[in-house]
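Structure first, commentary second.
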Amino acid sequence: MRQFDIRDWYWFIADDRDNVWSSLKAASVPISDEGYQAFVAGGNSAAPIEFADLRAMFAEHYPGGMLDTYTASKRWQKEQAGITLASGMPIRTDDRSQAKITGTYTAVKVKPIATTPWHAADGTVHQLDAAQIEQMNVELLTHINNCFSVSADVLAEIDAGTITTRDQIDAAFAAPITQARKDWLKVD
């Protein structure tokens, strides 16, 4: 059984026993959700609560209440959703793919290669050289940096009271990346 953490816990809302509220995802998920199943397997159980009471609990225990949690969820979703590189190749950006891209980039820095096959998110296979692997890594890191930067901006605006709704958070994460953020990793 794990220690209660309001940022990563589950509740049954009212009489619904087919879904649970996930504070980590800031959303209702089915009880078949992998995260919830791991939670239960760890000896935990979701407690029933009315949604108004859940909101009050977040307001009391977690600064910024549910908007902070929703922001964290949106950042994670955007980071994990994948991107299309400037070359047109779509790549996955989930945690496992991030590790593979970084590992491949590190390998070509240690031992430059002629080419290596890379499986794109659409199932196609591309032969990438060291320069293309480096560019993929830069675009991945730029994407991740942008996700965290947008999140920091949104949290600051929540604290300032200028963001007060989920729609505003959605709009912030949907906005195109700024040129300054595209260039954050460039060396002059």
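The values are calculated or read from the model by the stated rules, or taken from the named source; none is laboratory data. All of these numbers come straight from a predicted model, not from anything done at the bench. Here the Cβ is made from the backbone with ideal geometry for all residues, glycine too, and neighbour counts use every protein chain on show. Only protein heavy atoms, including side chains, enter the accessible area calculation; ligands, DNA and RNA are left aside. Shrake-Rupley method; radii C 1.70, N 1.55, O 1.52, S 1.80 Å.
Brief remarks follow.
- Protection proxy ranking for 92-104, 112-124, using the average of other Cβ atoms within 10 Å per residue and placing the highest first: 92-104, 112-124.
- A 1.4 Å probe run over the protein chains yields, for the chain, 58 Å² of accessible area per residue, whole-number rounding.
- Carbon plus sulfur fraction of accessible area for the range 1-128, probe 1.4 Å, in percent: 55
- Spin-label model, Thr178/Ala86: points 7 Å from Cα along the beta carbon direction are separated by 2.0 nm.
- Near Asn19, the amide H atoms lying under 5 Å from its own belong to Ile31; only residues 5 or more places off or on other chains count, and H is placed 1.01 Å from N.
- Where only alpha carbons of the chain are counted, the Rg and the Dmax (Å): 20.0, 60
- Residue with peak Gaussian network fluctuation, the chain [Cα springs, cutoff 10 Å], from Ala27, Ala172, Ala86: Ala86
- The chain: DSSP helices with Cα axial extent of at least 20 Å and average Kyte-Doolittle hydropathy no lower than -0.5: 95-110, 130-160
- Computed Rg/Rh of the range 141-188, alpha carbon atoms with Kirkwood Rh: 1.04
- Extending 7 Å from the Cα toward the beta-carbon at both Thr162 and Asn145 defines two label points whose distance is 2.3 nm.
- Most mobile listed residue (Gln80, Gln127, Gln168) in the chain, GNM with C-alpha springs under 10 Å: Gln127
- At R0 = 35 Å, FRET efficiency that the Cβ-Cβ distance of Asp153 and Lys111 yields, to 0.05: 0.35
- Over 23 Å (Cα to Cα) - which of Lys111/Lys182; Lys25/Lys78; Lys74/Lys182 fall in this group: Lys111/Lys182
- Gaussian network model of the chain, Cα within-10 Å springs - most flexible of Thr162, Thr71, Thr142: Thr162
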